[in-house]
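Quick note: the coordinates plus some simple rules give every number you see, no bench work behind them. Please read all numbers here as calculations on a predicted model, not as lab measurements. Every residue, glycine among them, receives a Cβ derived from its backbone with ideal geometry; neighbour counts consider all protein chains shown.
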Amino acid sequence: MDSLRIDKWLWAARWFKTRALARQAVDGGKVHVNGVRVKPSKLLRSGDHLRLMRGQDEYKLIVAAISPRRGPASVAQELYLETAADKKKREDLEALRRLQYHANRTGPERRPDKRQRRQIRSFKEKSGPE
């Protein structure tokens, strides 16, 4: 087999849990093949370049092999290649997001004491569902 529908390949390579989710991503413009937005019926061949958006992360892949079957994760990882530079860039952005999250996060200065816990409990009991 030298070509396969892109939604089937994304499902077989374990980028999406179902073919329906893969199809939605392709229809939504989250997947580009060789720099062009495609439809789910686009035939994918070995050597094609994919750009895939999942959440805030962008993956740049090269199709290494075509498989119509969804196999184990170890086999699915052999269906594509990702350059080390792109992987490092994505990991750096993830680390930056994590740092920003923890820098902006403020928690309580201390745990509530016995009196405050009673107030919290009574407030919850009064404002609960009726």
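Just give me the residues in region 1-56 being within 18 Å of GLN77 (Cβ to Cβ) and touching a Ser or Thr at 6+ places or on another chain (Cβ under 6 Å), in sequence order.
Of everything in region 1-56, just one residue is within 18 Å of GLN77 (Cβ to Cβ) and touching a Ser or Thr at 6+ places or on another chain (Cβ under 6 Å), namely ALA12.
State whether the residues of region 82-101 include one that is touching a Lys or Arg at 6+ places or on another chain (Cβ under 6 Å) and not small (Gly, Ala, Ser). Reasoning before the result, please.
Step one: of region 82-101, the residues touching a Lys or Arg at 6+ places or on another chain (Cβ under 6 Å) are 86.
From what's left, not small (Gly, Ala, Ser): 86.
Looking for residues that are touching a Lys or Arg at 6+ places or on another chain (Cβ under 6 Å) and not small (Gly, Ala, Ser), one finds at least one in region 82-101, hence yes.
Which residues, counting only those in region 1-52, are part of a strand (DSSP E or B) and in contact (Cβ under 8 Å) with a residue 24 or more places away in the chain?
Residues of region 1-52 that are part of a strand (DSSP E or B), as a first pass: 3-5, 31-33, 36-37, 43-45, 49-52.
Matches in region 1-52: SER3, LEU4, ARG5, VAL31, VAL33, LEU43, LEU44, ARG45, LEU50, LEU52.
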